[in-house]
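The values are calculated or read from the model by the stated rules, or taken from the named source; none is laboratory data. Bear in mind the structure is a predicted one, so any value in this text is a computation, not a measurement. Cβ placement follows ideal geometry from the backbone for every residue including glycine, while neighbour counts extend to all protein chains displayed.
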Amino acid sequence: MKILTPYLLILITLFFAGACQQKEAADLVLWNATVYTVNDDLPAAQAVAVKSGNIVAVGSNEEVRELTGQNTREIDLDGKTVVPGLIEAHGHFMGMGESMLNINLLQAKSYEELVDAVEKAVAKAEPGEWILGRGWHQDKWDSISGVVARGFPTHELLSEVSPENPVFLKHASGHASLVNQYAMEMAGIEKNTPSPDGGEIIKDEQNNPTGILNETASNLVARLIPVESKERAQKAFKLAVKNTLAHGINSFHDAGEDARTLELYKEMAENGQMGVRLYVMLSGSESGLLEDYYMKGPEVDLYDSVLTIRSIKLYADGALGSRGAWLIEPYNDAPKETGHTIMSTEYIENVAVDGLQNGFQVCTHAIGDRANREVLNSYANAFEKVPESAVNHRFRIEHAQHLHPEDISRFAELNVIPSMQGIHMSSDRPWAIDRLGKKRIEEGAYMWQALIQSGVKVINGTDVPVEPIDPMACFYALVTRKTLEGTPEGGYEPAQKMTRDQALKSYTLWAAYGAFEEDWKGSIEVGKVADLAVFDKDFMKVPEEEILDAKAVMTISDGRIVYER
């Protein structure tokens with residue numbers, strides 16, 4: 001045996017020590033921060049270390065900085081706030097991108113502003129070119145000029161400024177549209193045109209179409225709009241990615257897409273352009289698409305876990321703003337109306353059974369109390385028919401906005417997840433009381449705390465582009481129950497406020513649970529993926545009026561900085 005000299009022994013020791021240090025050194029260390037982990041075993045920390053896309057240490061500055069090496073990137077966050085990468089649990093990804101290319105009417109305060117925006121677009125367009133937009137909401141306007149039919153504006157002022165262009169403007173909810181005379185003529189909509197099943201062509205007292213198409217009636221015009229070019233779709237996609245990451249959001253539950261969009265997503269992912277983790281729901285109105293996926297089964301964690309397709313999106317009713325939500329009792333401000341059914345309860349139950357048998361989660365849009373009750377019934381029937389497949393199903397109701405008090409406990413009993421959007425309360429509550437009346441609002445609308453106390457996880461989002469994707473506006477609504485203007489004092493129905501801890505969980509760990517992903521993301525703990533968001537204010541502690549000022553300054557996905565302000 002060769003005896004090692006002391007000098008050689010020192011060299012070998014230094015070599016192995018350096019090798020071990022290099023192996024264990026983190027790629028990225030964030031320190032001097034206020035870290036909210038959403039991990040009950042270690043709720044708060046100062047620093048996080050990341051290696052190979054995963055979290056390898058969480059703790060004090062001293063503990064975590066021991067993992068720094070020659071190639072470690074260290075970032076002193078100077079007290080900024082770090083949370084798990086936020087999860088938009090209900091939105092429309094391509095709809096967001098397209099809204100950034102078309103006329104955005106979310107901020108319009110009057111019909112005149114809408115008409116002015118269209119007039120400007122017409123001035124830049126060729127004759128015959130479609131003018132598209134979204135975001136108007138008559139209940140949020142200061143006033144409605146011109147002729148009004150059942151609370152909606154009529155097309156005359158719009159048609160005057162667009163005589164040579166078809167115009168299609170989606171309601172903010174996406175459940176109604178305003179079109180001009182040119183578009184109605186293209187679609188053959190006139191006095192004697194009947195309303196389709198699940199929708200309504202709203203007409204005036206003389207039976208003339210007003211230009212308002214509710215629910216499925218919008219398809220009479222929408223189907224005439226030329227298919228979006230691949231180049232424009234890619235542009236919309238990239239805009240959506242950029243806007244999502246700029247708000248500290250790493251993951252997005254995309255509420256209903258068709259086959260063409262799925263192909264776009266796969267192409268973008270293959271080319272390394274995804275940027276955001278997408279959890280995609282199949283459009284339940286495309287039976288052929290569902291059959292194809294029943295044959296091949298769910299697609300989970302594709303392309304290094306940036307794309308998952310394992311859910312189906314159905315529609316039980318419409319929206320409250322357009323009086324399309326399906327109610328048990330008539331609308332308070334329209335005593336002859338109870339809303340619309342979009343898909344039959346039989347169809348929803350059949351898809352629920354097929355989904356269970358083929359490994360798919362079912363997520364059904366339901367806003368009115370009747371719609372929520374019927375969806376819960378359909379789910380319960382499906383669970384009874386195939387109980388062996390109904391284990392850990394995690395079926396969801398999207399919105400669950402207005403519930404009959406007797407149905408609140410049924411979510412926990414059936415293990416159904418209420419996927420709700422806090423910002424809808426802030427945005428809609430001032431006028432929603434006109435639709436439902438005081439008693440129904442107080443006993444069954446936006447029942448976040450009641451649902452949580454019953455034993456379910458409420459997951460959250462913005463329904464973008466129905467509302468802006470800003471998570472801080474939604475967080476503010478969750479914990480204050482106020483409008484974004486700060487009214488009323490104490491908030492609407494304050495007993496239903498979420499705590500700040502609950503609100504953060506609804507945007508992180510609970511939202512991850514809603515996509516079967518809580519084992520590898522949604523909290524900051526060793527072994528989980530390094531999806532993180534950094535904010536410039538401690539929105540968990542600042543006075544509530546300062547929450548809206550908090551901005552994402554850095555978004556980290558898979559250990560890589562993908563956005564920095």
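What to note about this one:
- Any hit, the range 364-372, residues being farther than 25 Å from His424 by Cβ and surrounded by fewer than 24 Cβ atoms within 10 Å (Cβ to Cβ): no
- Any hit, the range 151-162, residues being more than 20 Å from Asn207 (Cβ to Cβ), β-branched (Val, Ile, Thr), in contact with a Pro (Cβ under 7 Å, 6 or more places away or on another chain) and surrounded by 14 or more Cβ atoms within 10 Å (Cβ to Cβ): no
- Residue check for Met472: more than 24 Å from Leu245 (Cβ to Cβ), surrounded by fewer than 24 Cβ atoms within 10 Å (Cβ to Cβ) and not β-branched (Val, Ile, Thr): no
- Pairing residues of the range 395-424 that are farther than 20 Å from Tyr476 by Cβ with residues that are surrounded by fewer than 24 Cβ atoms within 10 Å (Cβ to Cβ) and acidic (Asp, Glu), at Cβ distances under 9 Å and at least 6 apart in sequence or on separate chains, gives Leu403/Glu443; His404/Glu443; Pro405/Glu443.
- Matching option when the condition is surrounded by fewer than 20 Cβ atoms within 10 Å (Cβ to Cβ) and either at pLDDT below 95 or of a type in the set (Val, Ile, Thr) (or both), among Val375, Val351, Val386: Val386
- Of all residues in the range 296-340, those being hydroxyl-bearing (Ser, Thr, Tyr), under 22 Å from the mean Cα position of the chain (by Cα) and either under 21 Å from Gly284 (Cβ atoms) or in a strand (DSSP E or B) (or both) number 4.
- Test result for Ala255, hydrophobic (A, V, I, L, M, F, W, C), outside the structural domain of Val562 (by TED's automatic domain parsing) and over 30 Å from Val148 (Cβ atoms): yes
- Count of the range 262-302 residues which are in contact with a helix residue (DSSP H, G or I) (Cβ under 6 Å, 6 or more places away or on another chain) and either polar (S, T, N, Q) or at pLDDT below 95 (or both): 2
- Output for the range 93-112, where each listed residue is assigned to a loop (DSSP other than H, G, I, E, B), touching a residue at least 40 places away in the same chain (Cβ under 8 Å) and touching a strand residue (DSSP E or B) at 6+ places or on another chain (Cβ under 6 Å): Leu105, Leu106
Conditions tested, residue by residue: (1) within 29 Å of Leu158 (Cα to Cα); (2) in contact with a Phe, Trp or Tyr (Cβ under 9 Å, 6 or more places away or on another chain); (3) among the basic types (Lys, Arg); (4) modelled with pLDDT under 95.
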| position | (1), (2), (3), (4) |
| --- | --- |
| Ala183 | yes, yes, no, no |
| Ile189 | yes, no, no, no |
| Thr216 | yes, no, no, yes |
| Leu224 | yes, yes, no, no |
| Glu228 | yes, no, no, yes |
| Thr244 | no, yes, no, no |
| Ala259 | no, no, no, no |
